[in-house]
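A.B. asks: Take this structure first; my questions come after.
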Amino acid sequence: MEFDPLSRLIIISNRVSAPKGSDSGAQGGLAVALASALREYKGMWFGWSGDQTDEYTGQITFQRNDGVTTATVDLEEQDIDEYYNGYANRTLWPLFHYRVDLAEYEREFAGGYQRVNERFADTVQPLIEEDDAVWIQDYHLFPLGEELRKRGATNRLGFFLHIPWPPRRLLSILPEAQALVRSLFAYDVIGFHTEEWLQSFCDYATAELGAHMEGDDLVLDDRRVRVMACPIGIDAKEFAGLATSTRGRLAFRQMRDAAVGRDMIVGVDRLDYSKGLEERFLGYERFLTEHPEERKEVTLLQIAPPSRATVGSYQKIRSNLEGLAGRINGAYADIDWVPIRYVNQGYPRDVLAGIYRAAKIGLVTPLRDGMNLVAKEYVAAQNPEDPGVLILSRFAGAACQLTDAVLINPYSAEEMSDAIMLALRMPREERIERWTKMMDVITRQDIGWWRKTFTDALMGPAVETEAQTEP
Ligand code: ADQ
């Protein structure tokens, strides 16, 4: 299929991040990538405004910013409780991150989730024109494609999942699992970050629903879905540039000054139980116990801005971590040294890039992660002549691409301790060799590549115009 120049791209996600100009603060790479897709294909970006209203009216606020049109709606309190805080973040998120112990199954959550997806479908359907392609993002909106089809949409519909897809036996715990997977056959293309997540999805669909593979397509009755692994990336060149920008260099110097000759280890994560922060602190403590001679030679900076603060499990992890950091500092700190600096705020991307560059070790140890962009950002920010070492969890999607990181099992404090020692002692030539290979992958499969790979599959490659093909 070829790209029809009349096709627009409609992106739908839970929240909409409007481009905020050049000083984009903590705006993530995903928002930038989706905005650039929208500039190329025109179209618009639809989703929740993040605001609450007394009663859902479906009234849309349109804004045009930096070449991108956004269309947002407000949600009712009950919608936010049941759909966003409930089913999305208390049911699906923990289960899809293998945390069966934290997942809650309430009929109200499932009902609210379905209701909001139906409301989104009712509201967005009149905006979709015949030739548009629609690209739906992430686990908040699994059933939206089916709801659009029920309302008569015949458009190309794509879906990308940003989190892991759990193994079949795990997913079977979800009371609505079968209906949820069946609803995904409304899409034409479904993308995952890794082959592992893709295989788990196909495994469920074939074993539980009786679907079968035909080449790269999964077929169920009269529906055919192209399934693909398409790892998300970052804008590696831009991020490398940020690390040496004025503010990046300033942050780099501040960090080096604060470290007073010690080797800095850095962790940067949303405060989320999937990121393995408690295990990270325990692994670092193990290192301090096993290597007393190294104690004052290193310092761990953990940056973890709070997220989803109204969900109980997130409040719990926050207080657990504060307790753990306090205990470790209490046990090991001296008048001239603290082992852990634990900071709960977000930083602009250029400052973050400078911080990464100042760190000898990037410690990225999620217990389960769809991809993990921090790992890629850490690599992109390094000085090519004297790069730091990435210690990466085998259970992050990024481990499939960054095989030259020091890969560890984040549940093992011993492995983490050994990896920190290995990284601190790693000769410069080896650091350069590993970094070069990782940077090569990150540059080739960057955010533009991810976006193009998916939109090509959904809409067909853009047709070169005559002007472009002329010699
Ligand atoms: P997240 O779980 O949010 O994303 P991640 O991929 O690491 O995880 O992205 C986090 C982003 O937030 C990074 O760009 C990082 O720089 C930024 N960030 C984190 N802490 C910050 C701070 N203190 N200040 C400023 N910025 C900060 C989900 C999935 C991931 C998947 C992405 C994209 O869980 O697995 O990689 O979507 O698909």
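A.B. asks: I'm told ALA399 meets every condition in (1) within 14 Å of the ligand (Cβ to nearest atom); (2) in contact (Cβ under 8 Å) with a residue 12 or more places away in the chain; (3) among the hydrophobic types (A, V, I, L, M, F, W, C) except one. Can you identify the failing condition by its number?
C.D. replies: (2)
A.B. asks: Inspect the range 296-306 for any residue being in a helix (DSSP H, G or I), under 30 Å from ARG90 (Cβ atoms), within 14 Å of the ligand (Cβ to nearest atom) and modelled with pLDDT under 95 and give the result as yes or no.
C.D. replies: No; the residues of the range 296-306 include none that is in a helix (DSSP H, G or I), under 30 Å from ARG90 (Cβ atoms), within 14 Å of the ligand (Cβ to nearest atom) and modelled with pLDDT under 95.
A.B. asks: Which of the residues belonging to the range 351-384 are of a type in the set (Lys, Arg), buried (at least 23 other Cβ atoms within 10 Å of the Cβ) and more than 10 Å from the ligand (Cβ to nearest atom)? Lay out the reasoning, then the answer.
C.D. replies: Residues of the range 351-384 of a type in the set (Lys, Arg): 357, 360, 368, 376.
Keeping just the survivors that are buried (at least 23 other Cβ atoms within 10 Å of the Cβ) gives 357, 376.
Residue satisfying the conditions is ARG357 alone.
A.B. asks: Only one of these is surrounded by fewer than 20 Cβ atoms within 10 Å (Cβ to Cβ), at pLDDT 90 or above and under 23 Å from LEU271 (Cβ atoms): ALA103, ALA88, ALA26, ALA31. Name it.
C.D. replies: ALA103
A.B. asks: Sticking with this one: Being more than 8 Å from the ligand (Cβ to nearest atom) and surrounded by fewer than 21 Cβ atoms within 10 Å (Cβ to Cβ) is the filter here, so list the residues in the range 330-350 that pass it.
C.D. replies: GLY330, ALA331, TYR332, ALA333, ASP334, ILE335, ASP336, TRP337, VAL338, ARG341, TYR342, ASN344
A.B. asks: Do we find that ASP122 is at pLDDT below 95 and either closer than 26 Å to LEU367 by Cα or not hydroxyl-bearing (Ser, Thr, Tyr) (or both) in this structure? Quick ask: steps written out before the conclusion?
C.D. replies: Values: at pLDDT below 95: no; either closer than 26 Å to LEU367 by Cα or not hydroxyl-bearing (Ser, Thr, Tyr) (or both): yes.
Considered against the rule, which asks whether it is at pLDDT below 95 and either closer than 26 Å to LEU367 by Cα or not hydroxyl-bearing (Ser, Thr, Tyr) (or both), ASP122 comes out as no.
A.B. asks: When you look at ALA423, is it within 16 Å of the ligand (Cβ to nearest atom) and at pLDDT 95 or above, yes or no?
C.D. replies: no
A.B. asks: Identify the single condition in (1) more than 22 Å from the chain's Cα centre (by Cα); (2) in contact (Cβ under 8 Å) with a residue 60 or more places away in the chain that GLN178 does not satisfy, given that it satisfies every other one.
C.D. replies: All conditions pass for GLN178, except number (2).
A.B. asks: Among the numbered criteria (1) within 23 Å of GLU377 (Cα to Cα); (2) surrounded by fewer than 21 Cβ atoms within 10 Å (Cβ to Cβ), which single criterion is violated by GLY233?
C.D. replies: Here GLY233 meets the rest and fails (2).
A.B. asks: Out of all the residues in the range 280-295, is one or more outside any helix (DSSP H, G or I) and either within 15 Å of the ligand (Cβ to nearest atom) or within 16 Å of SER393 (Cβ to Cβ) (or both)?
C.D. replies: no
A.B. asks: Where the second residue is of a type in the set (A, V, I, L, M, F, W, C) and near the ligand (Cβ under 7 Å from one of its atoms) and the first is closer than 11 Å to ALA381 by Cβ and at pLDDT below 95 and lies in the range 337-353, which pairs have Cβ atoms under 8 Å and are six or more apart or on separate chains?
C.D. replies: Listed by first residue and then by second, the contacts come to ARG349/ALA26.
A.B. asks: Turning to a different aspect of this structure: Being assigned to a helix (DSSP H, G or I) and more than 16 Å from the ligand (Cβ to nearest atom) is the filter here; which residues of the range 130-149 pass it?
C.D. replies: In the first step, residues of the range 130-149 are kept if they are assigned to a helix (DSSP H, G or I); the result is 139-141, 144-149.
Those that are assigned to a helix (DSSP H, G or I) and more than 16 Å from the ligand (Cβ to nearest atom): LEU144, GLY145, GLU146, GLU147, LEU148, ARG149.
A.B. asks: Restricting attention to the range 148-173, which residues are in contact (Cβ under 8 Å) with a residue 60 or more places away in the chain and touching a Ser or Thr at 6+ places or on another chain (Cβ under 6 Å)?
C.D. replies: If the condition is that a residue be in contact (Cβ under 8 Å) with a residue 60 or more places away in the chain and touching a Ser or Thr at 6+ places or on another chain (Cβ under 6 Å), then TRP165 is the only one that fits.
The values are calculated or read from the model by the stated rules, or taken from the named source; none is laboratory data. In this text the structure is predicted, and so the values were computed from the model without any measurement. As a convention, Cβ positions derive from the backbone with ideal geometry for all residues, glycine included, and neighbour counts pool all protein chains shown.
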